[in-house]
Amino acid sequence: MALWGGRFHKDMDDMVKKFNASIGFDQRMYQEDICGSIAHVKMLAKQAIVTDEEAQKIIEGLEGIRKDIEDGKISFTADDEDIHMAVESRLIERIGETGKKLHTARSRNDQCQVDGRLYLKEQIREIVSELIHLEEVILSKADQYKDSITVGFTHIQHAQPITAGFIFMAYFQMFKRDIERLLDTYERMDLCPLGACALAGTTFPTDRHYTAELLGFRAPTENAMDSVSDRDYALEFLSDASISMMHLSRWAEEFVWWNSSEFSYIAIDDSYCTGSSIMPQKKNPDMAELIRGKCGRVYGDLMQLLTTMKGTPLAYNKDFQEDKEGLYDAVDTWKACVAIFANMLEKTELRTDMIEKQLHKGFLNATDIAEHLAQEGIPFREAHNIVGRMVKLCEDGNCDFSDLTDEQLQAIDSRVTRDALGDISIPACVNARKSFGGTAPSEVARQVETGKNWLEEIQKEQ
Ligand code: ARG
């Protein structure tokens, strides 16, 4: 019979036991569960709810259980129900009657929330450190390629020439926001629900501030009912994860087409690619595709929990047990994707020779010419129209701007000559885009510098 079986005449049906159990997955939080129990019993002793000797005995028992789990001496079954019952029942087996006092002034409803928050706080720290590593790799690549000119696209059409370092720094900004979002989530979830009990607090003279402090939380949660029914922290995390996976997925998509035979802008290291079982020549960007694909499952994890929570009345409902597997899945998936992406990026080189061949296609310098004409006094809207007609002429004659003669230009507009176009070479165009946040190498160098300073600050705080 379960520890809660006093009022029951019968044991659970075997199918029900399996269906009801969360031990299969929440055993992942055994460390957190034991830490929570140790803090709880220390508080019970401080408040004279149990004696110091009883507390000591319980703590030693819990530590013994932790060691047994670590040594693989304990195997959990559906009879354990969940990690809280698994630890408590083993404690009673181990130390006898005193073990029965551990569950004074708490409930599994607050306990599972302590475990969940402690677990997620640690995972956030680990994911932040993976994201910081990714940012370091991005910065070093941006620095390496700050002068390398490549094609900037809109609508996957040649748009303007840019530096490759500039692209890397665009992604740097996305992951910077991901880190900031995670730290913000961490800050808000850093409150301890322990002692909220089932839903309404307790008649025992507990000290929830003390347990919060022992467990490294900023403070206890404010309202017991909210404490046991709130899953916002998990939802915030899943939404942070979804946004960040979307960033990874977008870059992964770029990797896939930069790597395609049609583009060949990059060479991904062999160790981060796979081959084909039938086509001997294939070298596939599977890591990028997998990361792109795994974004979908993390969105799924978010949607699942949002849907689970929708319409649940206060306070605890068993629906909430469904908060775990998706969360664990998102943690594992996101963490692995960031680490793999960082390594893949580190091991990828630009094929500047292939990129160079594309720079003279698609009139990449058209906007620069229009801007130059405007700076010479022609209103921008007119300059835009003049360059538009130059494009038409080139397309009809299958040539480039630099092939147009003075006569052809003057026929478009009497104010335009070859000299009036300015330096229309691709490097000159890129170098001139020095506006704050622009693509010029000098600007990218500034962005790299600012990025480095921000990263150093964040690392100091970790
Ligand atoms: N395994 C449960 C969960 O994860 C623990 C809380 C159980 N509480 C209850 N009243 N049945 O949600």
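To two decimal places, what compactness ratio does the stretch 258-396 give when its Cα radius of gyration is scaled by 2.2 N^0.38 Å? Display every interim value, and only then the final one.
On the way: Rg = 25.2 Å, N = 139, 2.2 N^0.38 = 14.3 Å.
Cα-based Rg divided by the globular estimate yields 1.75.
Considering the stretch 322-435, what Rg and Dmax in Å follow from its alpha-carbon atoms?
Using the Cα atoms of the stretch 322-435, the pair Rg, Dmax is 22.9, 74 Å.
If each of S260 and R297 carries a label point 7 Å out from its Cα toward its Cβ, how far apart are those two points in nm?
According to this spin-label approximation, the distance is 2.6 nm.
Once you put a point 7 Å from the Cα of Q157 and another 7 Å from the Cα of A339, both along the Cβ direction, what distance in nm separates them?
4.4 nm
How do the peptides 287-298, 14-25 rank, highest first, by the average count of neighbouring beta carbon atoms within 10 Å per residue?
Numbers: 287-298: 19.2, 14-25: 14.6.
Order by mean packing, descending: 287-298, 14-25.
Which part of the stretch 316-354 falls in the paramagnetic zone of S425, meaning amide N under 18 Å from the point 7 Å along Cα-to-beta-carbon?
Correct set: 353.
Order of 96-103, 35-42 by packing, highest average Cβ count within 10 Å first? Can you show the working numbers first?
Numbers: 96-103: 17.0, 35-42: 23.2.
By packing density, highest mean first, the sequence is 35-42, 96-103.
Counting Lys and Arg as +1 and Asp and Glu as -1, each charge on the Cβ, what is the dipole of the chain about the Cα centre in debye, to the nearest 20? Spell out each step's value before the answer.
Working: 53 positive and 79 negative charges, 126 e Å.
It works out to roughly 600 debye.
So for the stretch 15-124, averaging the separation of alpha carbon pairs under 8 Å that are six or more residues apart and normalising by length, what relative contact order in percent results? Intermediate results must be reported in sequence, preceding the final value.
Values: 103 pairs, mean separation 43.4, N = 110.
Contact order relative to length: 39 percent.
Show me 235-244, 317-326 ranked by packing, highest mean number of other Cβ atoms within 10 Å first.
On the way: 235-244: 22.2, 317-326: 17.3.
So the peptides 235-244, 317-326, ranked by packing, come out 235-244, 317-326.
Using alpha-carbon pairs under 8 Å, 6+ residues apart, how would you state the relative contact order of the chain in percent? List each step's numbers first, then the result.
Details: 616 pairs, mean separation 73.6, N = 462.
Once divided by the residue count of the chain, the mean separation gives 16 percent.
Putting +1 on Lys and Arg Cβ atoms and -1 on Asp and Glu Cβ atoms, find which of M29, A252, V298 reaches farthest to the positive end of the dipole of the chain.
M29
Can you figure out the FRET efficiency of N453 with E346, using R₀ = 30 Å and their beta-carbon distance, to the nearest 0.05? List each step's numbers first, then the result.
Values: r = 22 Å, r/R0 = 0.73.
Efficiency, from the Cβ-Cβ distance: 0.85.
Suppose every Lys and Arg Cβ carries +1 and every Asp and Glu Cβ carries -1, with no other charges. What dipole size does the stretch 314-365 come out with about its Cα centre, to the nearest 20 debye? Each step should come with its number before you reach the end.
Values: 7 positive and 10 negative charges, 67 e Å.
That gives the stretch 314-365 a dipole magnitude of about 320 debye.
How much length, in nm to one decimal, is gained on full extension between R177 and K18, taken as 0.36 nm per residue of separation minus their Cα-Cα distance? Could the numbers behind the result be given before it?
Working: separation 159, 0.36 × 159 = 57.24 nm, distance 4.16 nm.
That works out to 53.1 nm of additional length.
Can I get the semi-axes of the chain's equivalent ellipsoid? Compute them from the C-alpha gyration tensor as square roots of 5 times the eigenvalues, in angstrom, largest first.
Details: eigenvalues 762, 103, 71 Å².
Semi-axes (√(5λ), whole Å): 62, 23, 19.
What is the Cα centroid distance between the stretch 242-264 and the stretch 398-462, reported in whole angstrom?
For the stretch 242-264 versus the stretch 398-462, the Cα centre distance is 25 Å.
Can you give the FRET efficiency for A48 and A2, using 1/(1 + (r/R0)^6), R0 = 30 Å, r = Cβ-Cβ distance, to the nearest 0.05?
Here the calculated transfer efficiency is 0.50.
Straight-line reach from K73: which aspartates and glutamates have Cα under 20 Å away, leaving out those fewer than 8 places along the same chain?
Once the sequence-local aspartates and glutamates are set aside, what remains near K73 is D26, E32, D33, E60, E63, E81, D82, E88, E93.
What spacing in nm lies between the two simple spin-label points modelled at K100 and S414, each 7 Å away from Cα in the Cβ direction?
A separation of 10.8 nm, rounded to one decimal place.
Along each of the three principal axes of the Cα atoms of the stretch 18-177, give the extent in whole Å, ordering the values from largest to smallest.
76, 37, 28
Using the heavy atoms of the protein chains and a 1.4 angstrom probe, tell me the accessible area per residue for the stretch 125-192 in square angstrom. Don't skip to the answer; put the middle values down first.
On the way: 2670 Å² over 68 residues.
For the stretch 125-192, the solvent-accessible area averages 39 Å² per residue.
Go ahead and collect, in residue order, the members of the stretch 402-417 whose backbone nitrogen is under 13 Å from a label point 7 Å along the Cα-Cβ direction of R389.
407-417
Please list, by residue number, everything in the stretch 325-344 whose backbone N is under 14 Å from a paramagnetic label point 7 Å out along Cα→Cβ of E136.
339, 342-343
Going out from 0 in 5 Å bins, what whole percent of all Cα-Cα distances in the stretch 115-212 drops into each bin?
Reading the bins upward from 0: 3, 11, 14, 13, 11, 10, 8, 7, 6, 5, 4, 4, 2, 1, 0.
Can you give me the % of accessible surface on the chain that is carbon or sulfur? Probe 1.4 Å, all protein chains present, nothing else counted.
Details: 11330 of 22240 Å².
Taking all protein chains in place, the chain shows 51 percent carbon and sulfur surface.
To check my understanding: the extent here is largest minus smallest coordinate of the Cα atoms along each principal axis. What are those three numbers for the stretch 152-292, in Å, largest first?
72, 40, 24
Nothing charged except the Cβ atoms of Lys and Arg (+1) and of Asp and Glu (-1): what's the magnitude of the dipole of the stretch 221-314 about its Cα centre? Round to the nearest 20 debye. Write down the numbers at each step before the final one.
Details: 8 positive and 14 negative charges, 82 e Å.
Around 400 debye, computed over the stretch 221-314.
Taking 0.36 nm per residue of sequence separation and subtracting the Cα-Cα distance, how much length would be gained by fully extending the chain between D270 and E356, in nm to one decimal? Intermediate values should be presented prior to the final figure.
Numbers: separation 86, 0.36 × 86 = 30.96 nm, distance 2.35 nm.
Between D270 and E356, full extension yields an extra 28.6 nm.
Could you work out how far the C-alpha centroid of the stretch 112-154 sits from that of the stretch 76-104, in angstrom?
40 Å
In whole Å, what is the distance between the alpha-carbon centres of the stretch 14-63 and the stretch 274-298?
So the separation of the two Cα centres works out to 44 Å.
According to the Cα gyration tensor, what semi-axes, each the square root of 5 times an eigenvalue, does the equivalent ellipsoid of the stretch 277-337 have, listed from largest to smallest in whole Å? Can you show the working numbers first?
Values: eigenvalues 265, 19, 14 Å².
Its equivalent ellipsoid spans semi-axes of 36, 10, 8 Å.
Between K460 and D68, what FRET efficiency comes out of the Förster formula 1/(1 + (r/R0)^6) with R0 = 30 Å and r the beta carbon distance, rounded to 0.05?
0.15
Output the pairs from K283/K335; K42/K67; K57/K100; K46/K101; K282/K335 with a Cα-Cα distance over 22 Å in this structure; if there are none, say none. Walk me through the numbers on the way to the answer.
Working: K283/K335 25 Å; K42/K67 20 Å; K57/K100 12 Å; K46/K101 14 Å; K282/K335 28 Å.
Going by Cα-Cα distance, K283/K335; K282/K335 fall outside the 22 Å limit.
State in Å² the accessible area per residue of the stretch 309-400; use a 1.4 Å probe, count heavy atoms of protein chains only, and round to the nearest integer. If you can, show how the numbers build up before the last one.
Details: 4660 Å² over 92 residues.
Heavy-atom SASA per residue in the stretch 309-400 reads 51 Å².
From the C-alpha gyration tensor of the stretch 235-297, pull out the three semi-axes of the equivalent ellipsoid (sqrt of 5λ each), sorted largest to smallest, in whole Å. Let's see the in-between values first.
On the way: eigenvalues 143, 33, 13 Å².
Ellipsoid semi-axes (Å, largest first): 27, 13, 8.
The values are calculated or read from the model by the stated rules, or taken from the named source; none is laboratory data. A quick note: this is a predicted structure, and the numbers were derived from the prediction, not measured. Cβ atoms come from the backbone with ideal geometry, glycine included; neighbour counts cover every protein chain shown. What goes into the accessible areas is simple: the full protein's heavy atoms, side chains included, and nothing from ligands, DNA or RNA. Shrake-Rupley method; radii C 1.70, N 1.55, O 1.52, S 1.80 Å.
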